[in-house]
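One structure is given here, and the rest of the page talks about it.
The values are calculated or read from the model by the stated rules, or taken from the named source; none is laboratory data. Computed from a prediction, not measured in an experiment: that's the story for all the values here. Here Cβ is always computed from backbone atoms with ideal geometry, including for glycine, and neighbour counts include all displayed protein chains. Please note that ligands, DNA and RNA were not included when accessible areas were found on the heavy atoms of the full protein model with its side chains. Shrake-Rupley method; radii C 1.70, N 1.55, O 1.52, S 1.80 Å.
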Amino acid sequence: MKEVVILGAGYAGLRALHVLQGSKGDFHITLVDKNDYHYEATDLHEVAAGTQPRERISYDIADVVRPQKTTFLQNEVATIDRQSQRIMFTDQTSLSYDYLIVALGFESESFGIPGVNENALEMVDVDSAETIYHHLLKQMKEYKKTQDPDLLKIVVCGAGFTGVELLGSLVENRKEFAEIAGVQSEEIKLFCVEAVTRLLPMFDENLSAYGINNLVKWGVEFLTGKPIKEIKPGVVVYQTDAETGATEELSAKTIIWTTGVSGSHVMADSNYAARRGRVMVNQDLSDPEHSNVFVVGDVSAVMDPATNRPYPTTAQIALKMGYQAAKNCLHLIKGEKTEDFHFESLGSVASIGNTHAFGLVGKMPVKGYPASFVKKAIMDRSLFLTGGVKEVLAKGRFDFYH
């Protein structure tokens, strides 16, 4: 019996699992993840801001594993030996495979900026998101004792998709923070420091301006065109003049790093030719050197023929990759030719709080409450594709009207 191993229970990994479990064939599946739960990575900002509990955006992997076909193994991958077709784990155990789907996900990217890892809070999984929320609560309680204004300051480093959604959720929960600190909501100061001046380039200027202008109206101060040079304890150092290299400092007791992510370090540790943890794969999503290995999600780079650049990593493309990788595994098991991966975006919507959003549905722009309705529908769809009907009924977002 052939052994198919899936590394990672994120969007791509669980989508692949559903396809494989629903297919007939003489093969066994082993799903590997360091956690015993799946979480919706696109909702981490809500946990970080405290607008949703971690239980709302996660569910047990056991809920979607069919034991007659699949074994779930909770372990952490150290390296992948493609020559011997063996996965090595951090506890020194190993696992062999005939076919492999690598969907190991992302980690925070510091870009070599000093002090990021030591002095900023990352938001890469449920635990780190929850750490941010508990940190915020601690600062608010501390302010009540010390009246240190820096305790009321929150700096989000990076105005990309994730940073903007986080700012929206922080605005939404600012009242709770203010009540704990014993201050007015407007005394909770929100800042965003960003290197570029053209924000959210995935949208046209009209759409991105809608999102940013609303955040500004709600009290967020954007420092754009200010590359971050260092994170000191409680201080963000950013450049104000490219010619002279002059810098200024912004002090705050909460500094959250959302400037970018890379694929898992396991890719480089496994001697993949990876750039920022992403491997340039063949058009059928296979490893360029090993046709029985498929690399998908945040560790994969697939060229977009229209732009001649890799597609951006999103949950939408990860789900589609997981589907195609599973289909191609089935083709190989049957001795058939694999199919190339094709992707056409269905659009993208960014939330700025529970009832405000903006983005594209296909190529049609949507704003405000209608966009927030669409955003929740998108979230429910991705939940269905990874967890099925049971998880949608248990964790779905049905608060469309408020």
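Mean-square fluctuations from a GNM of the chain, with a 10 angstrom spring cutoff on Cα atoms, peak among LEU95, LEU215, LEU151 at LEU95. Counted by Cβ distance under 14 Å from VAL32, the other residues give a net charge of -3, where Lys and Arg count +1 and Asp and Glu count -1. Which percent, to the nearest 5, of DSSP beta bridges fully inside the chain are antiparallel? Taking every DSSP beta bridge within the chain, about 50 percent pair in antiparallel fashion.
For the residues ALA48, ALA195, ALA325, a GNM of the chain with alpha-carbon springs under 10 Å puts the largest fluctuation on ALA195.
The charge dipole of the chain, taken about the Cα centre with unit charges on the Cβ atoms of Lys, Arg (+1) and Asp, Glu (-1), comes to about 800 debye, rounded to the nearest 20.
Farthest towards the positive end of the charge dipole of the chain, among the residues PHE343, ALA209, TYR369, is the Cα of TYR369, using unit charges on the Cβ of Lys, Arg, Asp and Glu. Size of region 330-391: Rg and Dmax of its alpha carbons, in Å, are 16.5, 50. Its residue count N fixes a reference of 2.2 N^0.38 Å for the chain, and the Cα radius of gyration divided by that reference is 1.01. Working note: Karplus 6.51/-1.76/1.60 with θ = phi - 60° gives region 252-257 the couplings 6, 7, 10, 10, 10, 9 Hz, where Gly and Pro are set to x. When the alpha carbon gyration tensor of region 30-70 is reduced to an equivalent ellipsoid, the three semi-axes, largest first, read 25, 9, 7 Å. Of the GluC sites (Glu not before Pro) found in region 314-402, the ones in coil according to DSSP and having at most 13 other Cβ atoms within 10 Å of their Cβ are GLU336, GLU339, GLU344. Summed over the residues of the chain and divided among them, the accessible surface reaches 45 Å² per residue at a probe radius of 1.4 Å. Label zone of ARG276 (point 7 Å out along Cα→Cβ, amide N under 14 Å): in region 295-320 this covers 298-302, 309-314.
Overall form of region 1-117: oblate. Here a/c, set by the Cα gyration tensor axes a ≥ b ≥ c, is 1.5 or more, and a/b is not larger than b/c. The simple Förster model, with R0 at 30 Å and r as the Cβ-Cβ distance, assigns ASP399 and ILE180 a FRET efficiency of 0.80. Entry note, the chain: the mean residue ellipticity at 222 nm calculated from DSSP H runs of n ≥ 4, each adding -39500 (n - 2.57), is -10000 deg cm²/dmol after division by the residues and rounding to the nearest 500.
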